[in-house]
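Structure first, commentary second.
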Amino acid sequence: SATAGTGTSELLDDYEEGVFTPTLTPSTSGSITLRTSGNTMMYTKVGRVVHCQGKIFVQSISSAVGTSVKLPLPFNKLNTTNAAEGTSGSVVYDNLSSLSVIPSYIPSSIDQYFHFVVDPSGFTNGHNFDISFSYVAA
């Protein structure tokens, strides 16, 4: 224990840094292909808290339909019915003519994805996202 107190444990028993290759999936149907040179994100896991960040680039889309897109998490998130486990993050969308901050979240449910609220039908080659979020892993 690092300090005296009433906590159940203060021992840091897990630290990990790495990269993962995300995918983007439209919420309704279709597909989004990411550039192979712009599809890697980094993560740092300290205990059960996972922080993810990176920049990903769209290469192409095929019949993308929906009101959002989802990105899989590198580790399964904690699943309880407690709303405190849900989280949000920061996503900046660059459509090559302007930048937009778009709403993003991880729902407090069994869903294992980071969602951002944007219509994917307008994506095209070169559009990109700067992404940063944290969540509690299982």
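Each reported figure results from applying straightforward, stated rules to the coordinates on display, with no laboratory input. Just so it is clear, the structure is predicted and the values come from calculations on it, not from any experiment. All Cβ positions, glycine included, derive from the backbone under ideal geometry; neighbour counts span all protein chains shown.
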- Message: Give me P(r) over the chain, computed from all C-alpha to C-alpha distances, binned every 5 Å, as integer percentages.
- Response: 2, 10, 18, 21, 18, 13, 8, 4, 3, 2, 1, 0
- Item | Dipole magnitude of the range 17-90 about its Cα centre (Cβ charges: Lys, Arg +1; Asp, Glu -1), debye to nearest 20 | 60 debye
- For residue 90 and residue 16, extending 7 Å from Cα along the Cα-Cβ vector and measuring point to point gives, in nm, a value of 2.6 nm
